[in-house]
Amino acid sequence: MTSHPSHSSSGAVPWRATAAAIGMVLLTGLCLLFLYEVRRTLVWLVVALLFTVALYPVVGWVQRHLTRTHRLLATLLVFLVVLILLAGLITLFAIPLAREGVVFVQQLPHLIDEAQAGRGVIGRLLNRTNAIHYVKANQDRVRAFLTGLTAPAARVLQTVATGVAGVITIFVLALPMVLEGPKLMDGGLSLVNDPRRRRRIAHVSADCAKSITGYISGNLLISVICGGLIYAVLKIMGVPFAGLIAIFVAFADLIPLIGATLGAIVAVTAAAFHSIPALIVVAVFFVAYQQLENHVLQPLILSRTVKLNPLTVIVAILIGVELAGILGALLAIPFAGIVQVIVRDLWDHRKGRPEPESTPATDEIVTEPPTPPG
């Protein structure tokens, strides 16, 4: 009687399965490597997408009330206004900086002479800290340190150039996104056959868009309030470059958690060089304003737009900073709002709650008026 070899469960794995597993691992590694290499472009794409979502309802409003059915004209008008506003802000910041920079360079020899003689705020500060004697005793080290700053300065210039290229790229990407937004929305929803699920996706998309738009508008409003208040305080105390410092503080305040602190450092330093009373007043103002912003302005404004609790905001910002630095901090709250909208929708449908009715603001974001033929 012929016996056949028995095959146990621990037999050899087929070579096709082994090759498929190795191929999947290699493909996954290549995909991760590709994503790492194009990470900067992906970040720009994400920022352009958020920028598109923020401008989408504005373009829709302009199309309905001003240009009627011409979406291209409405998109160009909105982008033109945004470019004019950005150019105005840059001009408002750059012209005083250049003008006062020239004055500072002209007065620099006189300021150095006064500082060496121990006159003025800087001179008294240098005398108290023995900074002048240290510099004279360590001239070679100071010269070597200043020479070594050329490399960081070159990196700063490279970063600025990259930032300018990023802004241009974001505008170039956002323009066709806004222009083709209705077609992309309709095309995506047409892939869903179930009408009920299609309405659900449209509703969730609209809520996500409102969360992003609300965060951007709320954060801008808080920054404007911060810049206006610090301008008034600096102007009252007679601190020079009040407008320039206020614009910097307003821009810095856009960064969650650390933005107000960065602005406070610059403003307090400028006030310290002016006078001791100005230093005290500006420092007290920032301490009081920080409490006002954290406990009144942000809960009042952001709770009505993004609707995130403070713990979620802090956790989201910390994760965003860890993943993408300052840019991650800026994008953390909008993404946390999107995740919250999606999770809330999944939870509501799991509990069998009825689908909420779309609001007029939601309809404006999701749908566009039909374009007549011809």
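The values are calculated or read from the model by the stated rules, or taken from the named source; none is laboratory data. Since the model is a prediction, treat every value here as computed from it, not as a measurement. We place every Cβ from the backbone using ideal geometry, glycine too, and count neighbours over all the protein chains shown.
Numbers for the structure displayed
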| quantity | calculated |
| --- | --- |
| Residue list for the range 189-216, filter: of a type in the set (S, T, N, Q) and part of a helix (DSSP H, G or I) | 190, 205, 211, 213 |
| Selected residue [modelled with pLDDT of 85 or more and farther than 23 Å from residue 214 by Cα] from 32, 66, 77, 83 | 32 |
| Out of 190, 223, sole residue that is in contact with a Gly (Cβ under 9 Å, 6 or more places away or on another chain), of a type outside the set (A, V, I, L, M, F, W, C) and at pLDDT 80 or above | 223 |
| Residue match in the range 297-314 (condition: at pLDDT below 85, loosely packed, with under 13 Cβ neighbours inside 10 Å and in a helix (DSSP H, G or I)) | yes |
| Only one of 270, 288, 283, 246 that is in a helix (DSSP H, G or I) and exposed (fewer than 14 other Cβ atoms within 10 Å of the Cβ) | 288 |
| Matching residues, the range 183-224, being surrounded by 19 or more Cβ atoms within 10 Å (Cβ to Cβ) and acidic (Asp, Glu) | 207 |
| Any hit, the range 225-237, residues being farther than 23 Å from residue 90 by Cβ and surrounded by 14 or more Cβ atoms within 10 Å (Cβ to Cβ) | yes |
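One line per residue, one yes/no per condition, for (1) at pLDDT below 65; (2) closer than 30 Å to residue 197 by Cβ:
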{"site": "287", "(1), (2)": "no, no"}
{"site": "332", "(1), (2)": "no, yes"}
{"site": "362", "(1), (2)": "yes, yes"}
{"site": "367", "(1), (2)": "yes, yes"}
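The rows are residues; the columns are (1) without any contact (Cβ under 8 Å) to a residue 40 or more places away in the chain; (2) of a type in the set (Phe, Trp, Tyr); (3) outside the structural domain of residue 176 (by TED's automatic domain parsing).
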| residue | (1), (2), (3) |
| --- | --- |
| 15 | yes, yes, yes |
| 19 | yes, no, yes |
| 23 | yes, no, yes |
| 30 | yes, no, yes |
| 34 | yes, yes, yes |
| 56 | no, yes, no |
| 66 | yes, no, no |
